[in-house]
1. Beta carbons within 10 angstrom, averaged per residue: use that to sort the peptides 183-192, 51-60, highest first.
2. How far apart, in nm, are the 7 Å Cα→Cβ label points at residue 451 and residue 42?
3. Label points 7 Å out from Cα along the Cβ direction at residue 81 and residue 234: separation in nm?
4. With θ set to phi - 60° and the Karplus curve 6.51 cos²θ - 1.76 cosθ + 1.60, what are the ³J(HN,Hα) couplings of the stretch 374-390 in order, to the nearest whole Hz, using x for Gly and Pro?
5. Out of 379, 221, 95, whose Cα points farthest toward the positive end of the dipole of the stretch 2-419 (charges: +1 Lys, Arg; -1 Asp, Glu; placed on Cβ)?
6. Place the peptides 364-375, 145-156, 242-253, 205-216 in order of packing, highest mean first, counting for every residue the other Cβ atoms within 10 Å and averaging per peptide.
7. Going by how many other beta carbons lie within 10 Å of each one, how would you line up 290, 115, fewest first?
8. I'd like the per residue volume of the convex hull spanned by the Cα atoms of the stretch 197-316, given in cubic angstrom.
Amino acid sequence: MRHLASHPVARVAGNVLSLLTSDVLNRATTFLLYILVAHYMDPHAFGQLSLALVLFYTFQVFSVFGLPTLITRAVAKDRTRTSTYWVHGSLLALLGSLISIALLSLFVRLMSYATDTASIVLLLSLGLVPYALSTVCESVVRGWERMHLIALAHVPTNIAKVVVAYALLDRGAGLREVTLVLVGTRVAILLVIWALLLREIGLPRVALDINMAVQITRSAATFLGIDALIAIWSSLSVVLLSKMASETEAGLFNAAAQLLVPFTLLNQSITGSVFPLLCRQFGDSQAAATLKRIADRLIEVLLIVAVPGALALFHLADSMLVLIYGNDQFGQAATVLRILAATVVLKALTGSLGQVLFASLRERLTLRIVIVDVIAAIVLSVTLISRLGIVGAPIAVLLTKLIDFVQHYVPVARLLPKLSLGLLAWKSCLAALAMLGALALVKPQNMAVIIPAGAGVYGIVLAGLIVLEHGGVREFRARYLG
């Protein structure tokens, strides 16, 4: 068993499962809160919660100071530097979170939000401090490739979050109480991850060094720029809709966007688990060949999920929105969801290509890419939302994702010659088309039948194509089962 656990594939698979479990619980329980608010309140309250959480996710990037990727990469390469990065990273995270709270308060004042909306946003901002400190700890854990500790911290606390929030809403509580539950969850996660890290790795033994803190800050500056621009880009649609339209339109857009979260979580969990392996492989004489092989498998796996997911979201948009939120008003977001569905595939591609750039120490190139993305997103979003309203927001997102993909593909194709997306995507595309044909034969209202049927057809066709690619059943069995 110990030998199996130490195998690279088994280790990566275990880390993927751990990260996916914690990330799914984080997002899934937050999604359940959205559903509870939609059930107990109205689209306006849903929009207020959406705006508060989007702003929290945006400013939490500033609070962690660009440290997560830097710490993970440094610790993965040299575990003896754990204490140095843990201690100094925590100091910088504390400083960054306090600055973020001040900046968010200023932003709310400048945007002139209604008093009740502003109070929810500012109350939730208190969670930035425990979030930043726990993220530093989790970055150390990722560097050590002990992702199960992250799951141990997140799973019970997030389950408690939903249970407590449901009990409060069922007794007539409002958004303020739900927001306090969210802040309390962040505090609980910090305490648990601290305890686990101290038990597994031990108390950090390093004196505080201002010069070292400055050095880490400088090294993290590029990552901060990248993460901050991505956060601004991600929140742009909801923020602009809340200002140029209303919280209701912002809520409808976010309701559609939330259905893309499972695919985002899977992408992040898989790429996050493979990232330390990419970092260790880069730099030796076989770097290009090794990175190419890992990147090929990573892209292929992500597309196997993304391609059918995008088609299913497009085909079932109306039914899924009404079914999940239990309110016919959310069916108004069907067009938004259909447009956003195409971004599922683009995110899978750019997510994997982006990890290759990070592992090959090309974060400055990534920063330039993101700068272009944000400029394009601002211009497209302002222009299209002002002219088309809520429909303009997903169109702007899709066009910006296309620009982002092209910018990632060109440098990675130069770094990894013979990178062919067509060869990596043909099986998932053919199987997804077969799935779409099956979905067309079933009434969309019968979701209990249509989803398993579509998944079954896709799985069978995909498995058949994989076997054919390897020369048939006999050759496949001889290679993998014999």
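1. The peptides rank, most packed first, as 51-60, 183-192.
2. About 3.0 nm separates the two model spin labels.
3. Going by the 7 Å Cα→Cβ label model, 2.5 nm.
4. 5, 4, 4, 5, 5, 4, 5, 5, 4, 5, 6, 5, 5, 9, 10, x, 4
5. 221
6. The densest-packed peptide leads the list: 242-253, 145-156, 364-375, 205-216.
7. Values: 290 17, 115 7.
Ranking 290, 115 by Cβ neighbours within 10 Å, fewest first, gives 115, 290.
8. Working: hull volume 25.6 nm³, N = 120.
So the per-residue hull volume is 214 Å³.
Read-outs: derived from the displayed coordinates by stated rules, not from any lab. This is a predicted model, so every value here is computed, not measured. Please note: Cβ atoms are built from the backbone with ideal geometry, for glycine as well, and neighbour counts cover all protein chains shown.
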